[in-house]
Amino acid sequence: MLIDFHVHLGNSFRNEYPNGRRSPSVHQLIDWMDRNGIDIAVLLPLESPEVVPGYYLSEQAVADRDTYGERLIAFCCFDPRMKSVPELIDTFVHRYGVRGFGEALNGLAFDDERNWPIYEKCAEHALPYLFDMGPTYCWDDVGLPRLERMLAQFPGCQFVGHGPGFWTAISGDDPRQGYPSGPVTPGGAIDRLMASHDNLWLDLSAGSGHNAMTRDPEFAAGFIERHWRKMLFATDYFIVNQEVPNVAWFANLDISAEMRAAIGAGNALRLLGM
């Protein structure tokens, strides 16, 4: 089984209408999954304006999930600057059966107090909290001290890390943004936080995850050996005809059958309580 823990639908490219990039329909997503050997995908809403000029609302994710109930899992996501977010999370858990929160892409510091009620609700409902960390959204400092404080303050919340501002911290010489090349240096924050906090998981999707796993293959082999029980196969597929190198990378990865089964699906099932 292969579970893609990170895809989007919706209308992310309103600024390019009608002849630019397009987000796939739910039917196009299923076709793409079939062609790439993906059995189940997690639909992540986008409800903050910082990164893309469009949205993928939680209601849309639920409706798309219901179109292919055996193939899709829906998360909810609400901007922490909105009113009544804890109540919204309660509603989407109890009424619509969402299984996680994300993708968080708000323009706040990771430890901003407006995020705290969301972390508390995720812990209450056993919802993984999937975030994208960048230079201006869900942002942190070198060494990820803000993330570290939240991991300690909300031990019941399962945080799933993703994005260039997160994955650059695999290396001790963390530039805090971009897609650095070359060897990984010792002392990266991710290794340290994975060793000291049980509630941090790794989303391998997008260019950031792929770059982190391929820039230094020797380091990556040891990193995977240390953390494979908390790694989640994912792509960040959200554009029609998008090139997704993560699929081929995982298919060709030289790991044991146990590790492949865990990263490909087992860890996701465990995290989602399925």
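The values are calculated or read from the model by the stated rules, or taken from the named source; none is laboratory data. Just so we're clear, the structure is a prediction, and the values are computed from it rather than from any experiment. Cβ sites come from the backbone with ideal geometry, for glycine too, and all protein chains shown count toward neighbours.
Data overview
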| quantity | calculated |
| --- | --- |
| In segment 97-118, the residues that are crowded, with 17+ Cβ neighbours inside 10 Å and more than 22 Å from Y137 (Cα to Cα) | V98, R99 |
| From the options D216, D236, D254, D203, residue that is in contact with a Pro (Cβ under 7 Å, 6 or more places away or on another chain), modelled with pLDDT of 95 or more and charged (D, E, K, R) | D216 |
| Lone qualifier among T168, T185 - being surrounded by fewer than 21 Cβ atoms within 10 Å (Cβ to Cβ) and over 24 Å from G264 (Cβ atoms) | T185 |
| Residue among R35, R22 that is of a type in the set (K, R) and within 30 Å of M82 (Cα to Cα) | R22 |
| Test: residue in segment 60-80 that is surrounded by 20 or more Cβ atoms within 10 Å (Cβ to Cβ), in contact with a Lys or Arg (Cβ under 6 Å, 6 or more places away or on another chain), assigned to a strand (DSSP E or B) and touching a residue at least 60 places away in the same chain (Cβ under 8 Å) | yes |
| Pairs, first farther than 17 Å from G264 by Cβ in segment 16-39, second among the β-branched types (V, I, T), C-beta under 7 Å, six or more apart | R21/I239; R22/V240; S23/I239; P24/V240; V26/T67; Q28/V240; L29/V7 |
| K83 vs. criteria part of a helix (DSSP H, G or I) and among the basic types (K, R) | no |
| From A109, A123, A152, A104, residue being modelled with pLDDT of 95 or more, of a type in the set (A, V, I, L, M) and within 27 Å of N246 (Cβ to Cβ) | A104 |
| Positions within segment 248-274 being under 30 Å from H125 (Cα atoms) and of a type outside the set (A, V, I, L, M), in sequence order | E258, R260, G264, G266, N267, R270, G273 |
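Every residue, every condition in (1) over 21 Å from D34 (Cβ atoms); (2) under 16 Å from the mean Cα position of the chain (by Cα), yes or no:
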site	(1), (2)
R226	yes, no
M231	yes, yes
D236	no, yes
N241	no, no
L253	yes, no
A257	yes, no
A262	yes, no
N267	yes, yes
L272	yes, yes
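Let's see how each residue does on (1) under 20 Å from A63 (Cβ atoms); (2) surrounded by 12 or more Cβ atoms within 10 Å (Cβ to Cβ); (3) charged (D, E, K, R):
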residue	(1), (2), (3)
D4	yes, yes, yes
G10	yes, yes, no
S25	yes, yes, no
D34	no, no, yes
D39	no, yes, yes
L43	yes, yes, no
